[in-house]
1. Going through the cross-link list Lys347/Lys395; Lys130/Lys389; Lys314/Lys476; Lys404/Lys476; Lys314/Lys505; Lys297/Lys347, which pairs have a Cα-Cα distance over 31 Å in this structure?
2. Keeping the other protein chains in place, figure out the carbon and sulfur percent of the accessible area of the stretch 305-377, with a 1.4 Å probe.
3. Sorted by packing (mean other beta-carbon atoms within 10 Å per residue), highest first, where do 408-414, 290-296, 92-98 land?
4. Report the full-extension gain for the segment Gln144 to Glu294: residue separation times 0.36 nm, less the Cα-Cα distance, to one decimal in nm.
5. Highest mean first, what order results for 424-436, 495-507 on Cβ atoms within 10 Å?
6. Given a 1.4 Å probe and heavy atoms of the protein chains only, how would you sort Glu472, Glu153, Glu313, Glu129, largest accessible area at the top?
7. How big is D, in µm² s⁻¹, for the stretch 404-487 by Stokes-Einstein at 37 °C and 0.692 mPa s if Rh is the Kirkwood radius over C-alpha pairs?
8. Given Cα pairs under 8 Å that are at least 6 residues apart, what percent is the relative contact order of the stretch 417-506?
Amino acid sequence: MGRNTRRRPTGPRRATFAAVALILGGGGLLAANVYASATEGGLGSEPVRQTDSDGNAWGRTPGAATIDCPDVGDRLTAVPDRARPDVDKELALLDQQIAEAYQRLQESAQAVQQDSGFADSAITNPLKEKRAATIERIVTAIDQVGDRPQGLEALAACGLRASDDQTGDQDGNGQDQDGQDGQNQAGQEQRQGDGQDQGNQQAGNGPVAADFVDITTVQPNVQNPRNGTDASRGTFATSCGVNAEGLFNSDNVIVAPGVTNGAHHFHDYVGNQDNQAFATDDDLANADTSCENEGDKSSYYWPVLRLQNGTREKDADAPGGGTEGNAGEIVTPQQVTLTFTGNPRSKVVAMPRLLRIITGDAKAFVNGNANANASWSCTGYEDRQLKDKYPVCPKGSDVVRSFKFQSCWDGQNIDSANHRTHVAFADAEGNCAGGFRAIPQLVQRIVYDVDAPSLEDGGRTTPLFAVDSFPEQLHKPVTDHGDFINVFDEDLMQDMVECINDGRKCGADADPGSGSGSGDEPQETSTPTPAPDASAGAGGESDSGDAGGQQTSEPSSGTPGTQGTEPSDDGPSKAAHSVRPKADTTPSAEIAAATASPDHSDDHAAGEGGKERTTPAPATGGKASAAAAGTEPQAVNGGLADTGARMWPAAVGGILLIAGCVLLRRVRRPSA
């Protein structure tokens, strides 16, 4: 038998091998982490560079992701009634032109990347010419019956907006987008090659994983004004269903009357059943209603919520639907509560019949946050509200989408040229601006039973969800909005006002035996869920006078699935509410904490007037007080927990690499 003459490794040689292994292993971990960070489409990461169904590359760089045009309609604060029909049609045409230009931008993505001048010659310059002609017709229509508007011509030019541009905080009441808007592609790739028909999808139209945030990482941020001596503390609820019948269209009778597909996205409708672009005031007054109390024929509508799962709805090949990037399964709400609340500083007066109100801004992604007013949260966490993110809810918790509508009226008009200046938000203390009167405030809360999306794979395992939007708005959560037309019977409206001013709880959620005076028929919910506290009325007031006390009525540390919720400062948490709301949940504390105070950047967002019918005091400046009310979105990408989860492989790799280098140096060092 031959001798094995192979030499056993010496101690230094073994140490050298170990050092080399450490260096290779550490370097491998670092390289893998860098590669994953560069290709992953999750929170805070770069989007995957992908192709559309035709193989055209569509990534973040170079080039732009969307069309950014000045909002002409928002600048028109005074349009004579005789000119308004023509102006409305021309404004709708401007939206159509932008949608068509955005479509061309997507179809020409490869050419745009290869030739920086192609976008100007083929997209933005032709768009500018069309807009200039349309704006000139608007100016002429107004000039023929009133004063010629100045400066509109300068609004014709549009730009190409890089998707990683931040929305911009125009008034200090918003939060930067933290780069998430650059990821308008991630989250779409999961539907490529899955065997689903992609005809109703538009590549790169959003949403993306970075548009979402884990609600448990958000700090409580709801604050509400104190009740004054003259506060109107009552609430009036109306029950109008959840649109289980599926009444949808892409019209908007407020913003684009007489124009089919004026919204370029689909709406859910409850209440009035004659919701379409050509409905007249008489049509609305004579229509059927889905509301339990037939005295309420009001129209309540909002963009539908869709699961981005490739499902072909019947609008898949229709304008406003799949052809404009609004694709996927439409989700029917689990619950819709419509509650009218009072004012913390004064009594309220009746809304005029056929009053129109829009809240939020469907174009906030390019317009900025000045009029953004949607709130997103989860059941059990409604003291934490998001404006520019969709929430990722823990197991057992549902997505909540809510709006507070403007609660101050100019006392004269049921609408205005830009659909905003006839109504306004109260300031942070609850005061209406000079000349404005407090009216019942509609608080709209919509609950959805949707699973938390799988962000780590861009929604491949569990789909992302998003609201419908104008195609160029990329389905960003900040573009969410709601619309309301008051078609209450005048006697029922007066009952509502008396109920709210008397501090009672009336309508669909009336306390048993309270005598709502609303004339409602008996409701299906025989035993309403008890409100946490009589002082925690919807609308954000507290009888104790504690500012912000409303938010502490939300389920907190005692509620399942709410780890990390801060306990109430006012005592034990009201944790008796189930995280998943019951069908008859009384919208008391939930409604009050569901919506942070809106962004008071309106022209009339300041002041101390509006107390009943008395002469209001001088205005006091609303923007500063709005900022103090804590309305900024609290969602931030790349928190410590998230960063740590993503960086630990690199950290371990770095330690191993350093340890290997140190060991190798010690081995190679000559003996003393």
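The values are calculated or read from the model by the stated rules, or taken from the named source; none is laboratory data. Since the model is a prediction, treat every value here as computed from it, not as a measurement. Cβ placement follows ideal geometry from the backbone for every residue including glycine, while neighbour counts extend to all protein chains displayed. Remember, those area values only see protein heavy atoms, side chains included, never the ligands or the DNA or RNA. Shrake-Rupley method; radii C 1.70, N 1.55, O 1.52, S 1.80 Å.
1. Details: Lys347/Lys395 41 Å; Lys130/Lys389 34 Å; Lys314/Lys476 23 Å; Lys404/Lys476 19 Å; Lys314/Lys505 41 Å; Lys297/Lys347 24 Å.
Table pairs above 31 Å Cα-Cα are Lys347/Lys395; Lys130/Lys389; Lys314/Lys505.
2. Values: 830 of 1730 Å².
Carbon and sulfur together cover 48 percent of it.
3. Numbers: 408-414: 18.0, 290-296: 20.3, 92-98: 22.0.
So the peptides 408-414, 290-296, 92-98, ranked by packing, come out 92-98, 290-296, 408-414.
4. Values: separation 150, 0.36 × 150 = 54.00 nm, distance 4.26 nm.
Length gained, Gln144 through Glu294: 49.7 nm.
5. On the way: 424-436: 25.6, 495-507: 22.5.
Most protected by this proxy first, the peptides run 424-436, 495-507.
6. Numbers: Glu472 10, Glu153 90, Glu313 55, Glu129 135 Å².
I get Glu129, Glu153, Glu313, Glu472, largest accessible area first.
7. Working: Rh = 16.0 Å.
Diffusion coefficient, whole number: 205 µm²/s.
8. Values: 41 pairs, mean separation 11.1, N = 90.
Relative contact order, the stretch 417-506: 12 percent.
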